[in-house]
1. Please note which helices (runs of 4 or more DSSP H) are completely contained in segment A:256-346 and include at least 3 residues that are at pLDDT 70 or above and under 22 Å from residue A:151 (Cα atoms).
2. State all residues of segment A:9-24 that are assigned to a helix (DSSP H, G or I) and either more than 7 Å from every other protein chain (Cβ to nearest Cβ) or not charged (D, E, K, R) (or both); if no residue qualifies, say none.
3. I need a count of the residues in segment B:85-125 that are modelled with pLDDT of 85 or more and at the interface with chain A (Cβ under 8 Å from one of its Cβ atoms).
4. Taking the condition of being surrounded by 19 or more Cβ atoms within 10 Å (Cβ to Cβ), at the interface with chain A (Cβ under 10 Å from one of its Cβ atoms) and of a type in the set (A, V, I, L, M, F, W, C), how many residues in segment B:28-59 meet it?
5. If you check residue B:132 against the conditions, is it modelled with pLDDT under 95, surrounded by 16 or more Cβ atoms within 10 Å (Cβ to Cβ) and charged (D, E, K, R)?
6. Counting just the residues of segment B:1-27 that are more than 8 Å from every other protein chain (Cβ to nearest Cβ) and of a type in the set (Val, Ile, Thr), which one comes out nearest to residue B:133 (Cα to Cα)?
7. In the set A:202, A:179, which member is hydrophobic (A, V, I, L, M, F, W, C) and surrounded by fewer than 17 Cβ atoms within 10 Å (Cβ to Cβ)?
8. Looking at A:176, A:171, which is the one that is over 22 Å from residue A:297 (Cα atoms), modelled with pLDDT under 90 and not in a helix (DSSP H, G or I)?
Amino acid sequence: MIEEELREAFARHEVQAPALDPLRRAIDTLAARRRRRRMKTRTGAAAVLAVLALASPVQLWRSGAPGEVIDPAIATLAPVVAPEGALNLLLLGLDQHAGRPDARADTIMLIHVPAVGGNAYLISFERDLLVDVPGEGRSKINGTYHLGGAIGTKQAVERLTGVRIDAVAEVKFGAVRSIADALGGVPVCLPERVKSHHTGVIYPAGCRTYRGAEATDLLRQRFGMSNGAYDRDRVGQRVVRGLAQKAGELDLLRDAETLTRLVRTPGLRLHTGDLSLLGLALRLDRIEWSDIIGISQPTFRQRTVNDLTAGEHLDPVVAPKLFAALRADTLDAFVLTHPDWVLPQE
Amino acid sequence: MTYEEFVNSRLGALARYAVMLTGDQHMAQDLVQETMVRVQLNWRRVARAEAPERYVKRMMINQYVDWRRGSWLRRVFLRPDADAAVAVPVDHAQRTADRDLIWSVLATLPRQQRAALVLRYYEDLPDAEIADMLGCTVGTARGYISKALTRLRESAEQLSLGGVR
């Protein structure tokens, strides 16, 4: 009977089954690769801690040995292994329309952690920078958030720089305020006085500690500054350095009250690839705030095109060198040869 | 059940099942690999299924039936290691060659028909479950099986005619 022959044919070919050990290894390798590619979105306490680790890398987990976890809620996320190699993280500051369809990312900062050494680089992208968006044509980079959300901006920065972004943090202005207040203020040094276009308050040149509300007001200013949004981006870099400095001074692990307030910060979202949050924190933990180096184009390179869109352009000579250094993980050499692109250190 | 436990106990059966569906060791490897990667990444959803193994086998059928020619070609060309095919045990060369005619005719069947045969004669499932696995009605599933059997019978007759000659 044909049915019997069929059963026999099936049984006879069972030996053709692929060997299980290599099969299993192949499955695990492929799954790991795909997991890395798949961006996960996290919210809640874990995301806040990780964004804090991004914004304030120093000493958050310093008193715990690697593998020692401070919050049971995040203990289950992933094994604590500090990622190897260079890391590229994207920090997006969202304007007051955050959560609405017309939301824009007005602060776009790439945080580069080199494979070796204890420093980090903050590379700011001016909000009006023109970029090509597949299917959309030219767009201002802050509009890529409106077009494609955090992932849209991530892809725009990846196309621009040629590096892969490992994690993206979205931060609303309100979150900066909560974090700064929870830390007891953020120390910022201004090279020139800033008058708030929004509140009329004057922030004098020099160093002082800013309360949360002042820090967010300061972060919004670009009108009336010599280099507009370029100057604002540099203020943003100073605030990140200040948060890192303050977090480093506090012993957060022994300060349950501060930690609790930080963990409750609303307005933060984190998208990670295969990075474990604590692993990321451990890695960032090696960085001293004074070794955080800000990089940005010094000033405007505006060009009005035939159509009405006037946007910012990158320096055609220096920007390619910057991105090449970023890809090759040689920003240390870049900052030595381009001092005018480097945030002055007080 | 954890993913590890599932793999430890079921990977062998899934690999054999993939051979029955695809008729080829390399394609079977691709089919299991592709399916199990998705199983691993979505384990919680798979584990919630009433019968995880059956859920995974259904994923494999869908994958197998949906695989397009283009992606097959790509898979074949991109394969890094082309190990030698495993020989099927031979007790009597001519008889095996004759019997393997069934195997080669199976390869010419439309994929739904082959899948239906695997489910009935390898997995020994009742028609209702075969239909469920294939996502079709019981009538359609029976149709697949009867058409496939007719085709196999015709080929077997040709074979025996050839043998007489």
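1. On the way: elements: A:256-263, A:277-284, A:318-328, A:331-337.
Result: A:318-328.
2. Filtering segment A:9-24 for residues assigned to a helix (DSSP H, G or I) gives A:9-16, A:20-24.
Answer for segment A:9-24, where residues must be assigned to a helix (DSSP H, G or I) and either more than 7 Å from every other protein chain (Cβ to nearest Cβ) or not charged (D, E, K, R) (or both): A:9, A:10, A:11, A:13, A:15, A:16, A:20, A:21, A:22, A:23.
3. Counting residues in segment B:85-125 that are modelled with pLDDT of 85 or more and at the interface with chain A (Cβ under 8 Å from one of its Cβ atoms) gives 7.
4. Number satisfying all stated conditions: 6.
5. On the way: modelled with pLDDT under 95: yes; surrounded by 16 or more Cβ atoms within 10 Å (Cβ to Cβ): yes; charged (D, E, K, R): yes.
Criteria met by residue B:132.
6. B:22
7. That would be A:202, the only listed residue that is hydrophobic (A, V, I, L, M, F, W, C) and surrounded by fewer than 17 Cβ atoms within 10 Å (Cβ to Cβ).
8. Every option except A:171 fails the conditions.
The values are calculated or read from the model by the stated rules, or taken from the named source; none is laboratory data. None of these values were measured; they are calculated from a predicted model. All Cβ positions, even for glycine, are placed from backbone atoms using ideal geometry, and neighbour counts span all protein chains on display.
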